[in-house]
Each structure stands twice: as C-alpha cells, then as structure tokens.
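Since the structure comes first, as structure tokens, the remarks are kept for the end.
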Amino acid sequence: MARARCDTIRLKLLKIGAQVRITFRKMRVAMAESCPYRRIFRQVYENLVGTRAILARMLGNLYTTYVQSGDSSRTTLVLRRIVALRPQDAMVRAELGRMQVLTGDLRGAAATVHQALDLADSDDEKSTVNHHICELRARMHEQN
C-alpha cells in the first residue's frame, strides 16, 4: 500500500463495506471480521489518535500565547478545544473555569470548576480547583 496508486487506494480503502454510525460526538465504523484491510484501518486510526496529543500540545502553545497577550476570549476558546481533546484533565477544566470567571461567565465557570473538582485526582489538583472555586465565589459576591 505504501506505493499504491490513487485508483488502487480508492478501490481497496474507500470501497469497503462497513456499517457507519454517527452520533453527536463519535463516529463508529463496524467492519466485517473477514475484511482483508482491517489492520490497515486500525493502524490509520491509531495514528490519528496519536495526532490528538500533538494537537493538544499545539493548542497548549496557542493558549500560552493568548494568555501572554491578555486575550481572554480567545484563551477561553482554545481551552474549550483542549477540554474536548482531553476531557479527563482536571487542571485544564479548572483553568477554563478561571478564564470563564475573568470573561464574566460565572454560571459556566461554576459548572466547569465543579466538574474539575470531580475529576481531580491528587491533593495538589484539588487544592488548585478549590482556589478557583474561592475566586469564583468572590466574583459572585461582587456582582450581588
């Protein structure tokens, strides 16, 4: 397949019988056990999953750039994308909650910070998230 021509790739990779189910967040492809190219599709999938980690690091760099420039709204957008890539990362969620506080989205911040607290594993993470909760409460008292 490494030296295959376009028509060969199209014939062997794109004309495969499979059942495709698409939901809001996922796409599932069910292939027959007897599919001769099943291993190739699995390898492509695993390469794409590795790409998610690279994308998360790139977005982390973009996040740092926006923080340094003071652009809170773009920082929040980047953090939302990082959360989508790494939904179990408590610290990213906590930082998103902090940015939501800074941009004035206190309700969204409350939900995000409490999700981060639920995901926090270590005492350091829990301490950081609790600090963000205190910051959020102070902002809410200022508004009232």
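The values are calculated or read from the model by the stated rules, or taken from the named source; none is laboratory data. Since we're looking at a predicted model, the values are computed, not measured. In this analysis, Cβ positions are derived from the backbone assuming ideal geometry, glycine residues included, and neighbour counts consider all displayed protein chains.
A few notes on this one:
- Residues of the stretch 105-144 that turn out to be hydroxyl-bearing (S, T, Y) and surrounded by 15 or more Cβ atoms within 10 Å (Cβ to Cβ), as a count: 2
- One residue stands out in the stretch 23-47 among those that are surrounded by fewer than 10 Cβ atoms within 10 Å (Cβ to Cβ) and among the aliphatic types (A, V, I, L, M): the one that is modelled with the lowest pLDDT, namely M27.
- Qualifying residue in the stretch 69-92 (condition: in a strand (DSSP E or B) and of a type outside the set (A, V, I, L, M, F, W, C)): no
- Filter result (exposed (fewer than 14 other Cβ atoms within 10 Å of the Cβ) and of a type in the set (D, E)) within the stretch 59-91: D71
- Restricting the stretch 120-144 to residues that are in contact (Cβ under 8 Å) with a residue 12 or more places away in the chain and among the charged types (D, E, K, R), the residue that is farthest from L102 (Cα to Cα): D121
- Top-ranked residue in the stretch 2-22 [being of a type in the set (A, V, I, L, M, F, W, C) and surrounded by 10 or more Cβ atoms within 10 Å (Cβ to Cβ); ranked as modelled with the lowest pLDDT]: L13
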